[in-house]
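A short worksheet on the structure shown next.
The values are calculated or read from the model by the stated rules, or taken from the named source; none is laboratory data. Note that the coordinates shown come from a computational prediction; the quantities given were computed from them, not determined experimentally. So basically every Cβ, Gly included, is an ideal-geometry build from the backbone, and we count neighbours across all protein chains shown. Keep in mind that these areas ignore ligands, DNA and RNA; they rest on the heavy atoms of the full protein, side chains included. Shrake-Rupley method; radii C 1.70, N 1.55, O 1.52, S 1.80 Å.
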Amino acid sequence: MRSGVHHSGCCGLAEGGGTCTGVDISPDLIRLARLRAEQRPNAHFLCGDAQRHDFPPEQFDAIVSRFGVMFFDDPVAAFVNIRRAARPGAALRCIVWRGMADNPFMATQYDALSHVSGPQAKLTSHAPGQFAFADDRRVKHTLAGAGWHRVTIEPVSVPCELPANDLAIYARRMGGMETILASLDEVQSLRLQRALDAGFARFVVEEVAWIDAGCWMVRATRE
């Protein structure tokens, strides 16, 4: 029987005789995943931090993460912990964001904030966050330091779409923007919201925001 672990809010479900374990730190996302997988007895979920969770050793044949590993506060320790849970020969597959220059949609909030509040401090590229794995050389070094082998990294671009009606929610809540808006006075908050709406409007065609997501596909093997 093959088994795998999926690290992200949305878990892919195993088919046939295999099993799949979804891991996320968010209780809300785990509850939603369990609800969606009610008819999948081979899907299991746990609420925890994959960096620190005490997984049974050599349990999984494959580990998959979609936009989750960039938030580890100690990536080497995290991938060491995950490797312990992988069987010899297990595959690691992660998709992560490339840099801000490759993702103009995601840079829109930063640009709007700079327009309203002046030039922003340069983002710390290695700090936990959506662009923490933008440097592919660092990703290779991190995985090698954690004991993974045959590391390859390939640039991929993923066409995505978002209903235009959802843009206002995305603009005001994602990427820490909700906290920033709450810290501003009413005038500054309104100015920033207008700048956000104007910035995101350029991606909209016929009520849909079209996004070309610049990502890395990361592959490695546990030997």
Against the condition among the acidic types (Asp, Glu) and closer than 26 Å to Gly176 by Cβ, how does Asp61 come out, does it pass?
no
Which count do you get for residues in the range 140-179 that are touching a helix residue (DSSP H, G or I) at 6+ places or on another chain (Cβ under 7 Å), in contact (Cβ under 8 Å) with a residue 40 or more places away in the chain and not in a loop (DSSP other than H, G, I, E, B)?
10
Which condition from (1) touching a residue at least 24 places away in the same chain (Cβ under 8 Å); (2) farther than 22 Å from Gly214 by Cβ; (3) surrounded by 14 or more Cβ atoms within 10 Å (Cβ to Cβ) is the one that Gly129 breaks?
(2)
Inside the range 86-102, can you point out the residues that are open to solvent by less than 10 Å² (accessible area, probe 1.4 Å) and either at pLDDT below 95 or β-branched (Val, Ile, Thr) (or both)?
Val96
Strands (runs of 3 or more DSSP E) (entirely within the range 11-82) containing at least 3 residues that are buried (at least 17 other Cβ atoms within 10 Å of the Cβ) and within 19 Å of the chain's Cα centre (by Cα)
19-24, 60-66
